[in-house]
1. Looking at (1) open to solvent by less than 40 Å² (accessible area, probe 1.4 Å); (2) in a loop (DSSP other than H, G, I, E, B), which one does His4 not meet, given that it meets all the others?
2. List every residue pair whose Cβ atoms lie under 9 Å apart, where the two residues are 6 or more positions apart in sequence or sit on different chains, the first residue falls within the stretch 216-233 and is at positive phi, and the second residue, located anywhere, is of a type outside the set (A, V, I, L, M).
3. Looking at Gly194, Gly212, which is the one that is open to solvent by less than 60 Å² (accessible area, probe 1.4 Å), within 15 Å of the ligand (Cβ to nearest atom), on the phi < 0 side of the Ramachandran plot and not hydroxyl-bearing (Ser, Thr, Tyr)?
4. Can you find, within the stretch 7-42, the residue that is modelled with the highest pLDDT among those that are in a loop (DSSP other than H, G, I, E, B) and under 30 Å from Asp177 (Cβ atoms)?
5. Filtering the stretch 239-284 down to residues that are of a type in the set (Val, Ile, Thr) and within 16 Å of the ligand (Cβ to nearest atom), which residue is surrounded by the fewest Cβ atoms within 10 Å (Cβ to Cβ)?
6. For the stretch 141-170, how many residues are free of Cβ contacts under 8 Å to residues at least 60 places away in the same chain and more than 19 Å from the chain's Cα centre (by Cα)?
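The values are calculated or read from the model by the stated rules, or taken from the named source; none is laboratory data. Here the structure is a predicted model, which means the values were calculated and not measured. Cβ placement follows ideal geometry from the backbone for every residue including glycine, while neighbour counts extend to all protein chains displayed. The protein model used for the area step is the full one, side chains on, heavy atoms only, and it has no ligands, DNA or RNA in it. Shrake-Rupley method; radii C 1.70, N 1.55, O 1.52, S 1.80 Å.
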Amino acid sequence: MRIHHLNCGTDCPLGGAVFDGRSIAPLGRLVCHCLLIETAAHGLVLVDTGYGLRDVAHPYGGPHPRITRPWRWMLNIRLREAETAIRQIEALGHRAEDVRHIIVTHLDFDHAGGLEDFPNATVHVMAREYDDATGPHAGIVARNRWRHPQLDGVTRWRRYGAAGEPWFGFDAVRDLDGLPPEILLVPLPGHTWGHAGVAIRRDDGGWMLHAGDAYFYRGEMRGARRHCTPGLRAYQRLMEVDATQRMTNQDRLRRLSIERRGTVSIACAHDAVELERCQAGRPL
Ligand SMILES: [Zn+2]
């Protein structure tokens, strides 16, 4: 299986390094790290979608039916057609129909915006995430994070409940419908209740774990002490549904990243340095 690392959306929040830990300019840079997996027998598999064509079709200024104004401003979201998963997949020589499966870490607006660009794909998601995202929303954060207009057009859902397959000490869901056993969902609640990472067994025997929004900053992994920028600390706190579960899962991931260094490479959805290193074939 070949894994491509794509950036399917860019946010440039005011604060620069207060968010991304490295920008000298007043605007930071966060990415939407998605994976495109070329499988031998199961077509193309996408992990998360970032922003989609229908998101970028709405210019700044006016109301946006799919991404709410407070979050557009807070994150200073750049909506660029060339960054959508569909356009990047086409640039690699494929068509939308070639994407047969999409696995989503969760259904926040910056992960699910491109689902409708792949009408032939089955969308794999934890059942709790589906219920929370598509049901009625209580509270400001829920109304802004889960956007029905991004999800209404998706018809082929596959939802998963119980996770009982062991994966490096985590409970995982193996045997995703129509997918090879080398691709697993690893529930990591805290950011949302139905949030999950996606683990992929690489051809070299190691693993790639897309950790979604289980953490946001590269310094939160691979070191004995957690390090996170103030901006991303605050954003993670704003978006969490449960602080204890989020931090417990982050601690477990950090231990995994240390103990299995060399076997498991981990990247989250929004750290640009992690994405660049994955694209260069030298993950952190
Ligand atoms: Zn996110």
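1. (2)
2. Final answer for the pair search is Arg222/Arg254; Arg222/Ser257; Arg222/Arg261.
3. One residue alone meets the criteria, Gly194.
4. Among those residues, the one meeting the criterion is Thr39.
5. Applying the filter and picking the extreme gives Val241.
6. So the count comes out to 11.
This table checks each residue for (1) aromatic (Phe, Trp, Tyr); (2) crowded, with 23+ Cβ neighbours inside 10 Å; (3) within 25 Å of Thr248 (Cβ to Cβ).
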| residue | (1), (2), (3) |
| --- | --- |
| Asp132 | no, no, yes |
| Arg147 | no, yes, no |
| Gly178 | no, no, no |
| Leu185 | no, yes, yes |
| Pro189 | no, no, yes |
| Asp203 | no, no, no |
| His227 | no, no, yes |
